[in-house]
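Down below is the structure, laid out as structure tokens.
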Amino acid sequence: MSRPSWDRYFLNIVDDIKARSTCTRRQFGAIVVNDKKEIISTGYNGVVRGAPHCEDVGCIKDEMGIESGMGHGICPAVHAEQNALIQAGRQAEGATMYLNGFPCKICARLIVNAGIKRLVMSGGYSDEEGLKILKAAKVEMVHLDSDEEGR
């Protein structure tokens, strides 16, 4: 029996969290973890509280033919990273975020300003501009593929 690394452990939890997403295009999950390996907050992507879910009424971006990574202002969803940061508040300072994809450029800016120091990701995303923002801000980034050892 081999125990997963901490990074793999938290990314495995992200896979469960993303299952709560109501997005019809892609399910994202996020966790903010402090330096004691305690989960501070979680988040998944979906519309604002009280609004009808895309899985029930359809995706406006699909209806308009907008490709992935574009049209953030049109989509009524709040991103997983945003929801996790809202819940974490000031506790995000110096923490690690786990995410099953690359953050968009909007979320990357929020991650930097929240004080996240380390980002562990699996998967990818069509818009890689957020990675440039994180690199410039010296946020440590780790990418683990889902088939890496410790899964």
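Laid out as a table, the results:
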| quantity | calculated |
| --- | --- |
| Cα-centre dipole for region 35-151 with unit charges at Cβ (Lys and Arg positive, Asp and Glu negative), debye to 20 | 660 debye |
| Net charge of neighbours whose Cβ lies under 14 Å from the Cβ of residue 112, counting Lys and Arg as +1 and Asp and Glu as -1 | +3 |
| Cα centroid separation - region 73-151 against region 15-45, whole Å | 11 Å |
| Rounded percent of accessible protein surface that carbon and sulfur make up, the chain, 1.4 Å probe | 50 percent |
| 5 angstrom amide H check on residue 102, placed H, neighbours 5+ away | 124, 125 |
| Most fluctuating residue given options 33, 78, 120, as computed from a GNM of the chain linking Cα atoms under 10 Å | 78 |
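The values are calculated or read from the model by the stated rules, or taken from the named source; none is laboratory data. All of these numbers come straight from a predicted model, not from anything done at the bench. When we count neighbours, we look across all protein chains shown, and the Cβ atoms used for this are built from the backbone with ideal geometry, even at glycine. For the accessible areas, the whole protein counts, side chains as well, though only heavy atoms, and no ligand, DNA or RNA atoms are used. Shrake-Rupley method; radii C 1.70, N 1.55, O 1.52, S 1.80 Å.
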